[in-house]
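Here the structure is laid out as structure tokens; the discussion comes afterwards.
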């Protein structure tokens, strides 16, 4: 019984290839080392709580599902510190879009922001997932293998129609030059180039477009429960992180200096 058994179980259980790869690597690295000693070593090396918890979860799954052993539960999960998301202002979003001269790439960035999409959701978007008459689109098999419905900005309709032209419903909306979908790395590189051209010196990533979507909706007075649905968060506590950066009252306060 080993890594191949873990991988087989995870495939049958519906885990994503990325998670299967990560868990396999974690279990291989732990090997026969005592788990608490292993986690303590990683903590002293300065590894993040996210990394420690991934090792923990991977080995727990391996122990229970592959080795068929009970789990004592004496290993604590590392406390995760919630980072404040990097949010771009509306003016910065406009500068990024203006800096991107490639129409397809500009639409990709605009839709990621306007619909609150993850980079993987953008590149996996197909023509059949978009309902322009209703200004909605379906995110198929998003994080956690869940489908969800989100909104399409009305100002992007004509651009989306142009991108859809002569494509079949099964085609990806944003195809690579060679056909087929873009890679997530290509999409991220597009964002990185655009933000550099826009001369914005924030530590922002493609995911900051999604953070900005949620924050700006909150600032517009949209109920946080609706934002939770649009983002596809299982827990409202995940969405509430945006309340820390979307407080118009605080933004209007000026320093007495």
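Here are the numbers:
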quantity	calculated
Paramagnetic reach from residue 141 in the range 1-29 [backbone N under 12 Å; point 7 Å along Cα→Cβ]	14-18
The chain: relative contact order in percent, alpha carbon pairs under 8 Å with at least 6 residues between	19 percent
Along each principal axis, Cα extent of the range 64-222, largest first, Å	58, 38, 35
Difference of contour (0.36 nm per residue) and Cα-Cα distance, residue 131 to residue 29	32.1 nm
Relative exposure of 10, 37, 164, judged by other C-beta atoms within 10 Å (fewest first)	37, 164, 10
Ranked list, fewest to most other Cβ atoms within 10 Å of each Cβ, for 56, 211	56, 211
Spin-label model distance (nm) - residue 51 vs residue 12, 7 Å beyond Cα toward Cβ	3.3 nm
Förster-model FRET efficiency, 51 Å R0, residue 104 and residue 41, C-beta, rounded to 0.05	0.60
Förster radius 30 Å - calculated FRET efficiency between residue 70 and residue 207, Cβ distance, rounded to 0.05	0.20
Chain lengthening between residue 257 and residue 5 when straightened (0.36 nm per residue, less Cα-Cα)	84.4 nm
Stokes-Einstein D for the range 145-257, Kirkwood Rh over Cα pairs, 25 °C, 0.890 mPa s (µm²/s)	143 µm²/s
Computed [θ] at 222 nm, helices only, for the chain once each DSSP H run of length n ≥ 4 contributes -39500 (n - 2.57)	-14500 deg cm²/dmol
Gain in span if fully extended, residue 149 to residue 234, counting 0.36 nm per residue against the direct Cα distance	29.2 nm
Ranking of 129, 5 by count of other Cβ atoms within 10 Å, fewest first	5, 129
Approximate spin-label separation residue 170-residue 97, in nm, with each point projected 7 Å along Cα-to-Cβ	3.3 nm
Taking all pairs of distinct alpha-carbon atoms in the range 3-66, Kirkwood radius in angstrom	11.9 Å
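Here, each number is a calculation from the coordinates, and none is a lab measurement. Here the structure is a predicted model, which is why all the values come from computation and not from measurement. Virtual Cβ from ideal backbone geometry, glycine too; neighbours counted across all protein chains shown.
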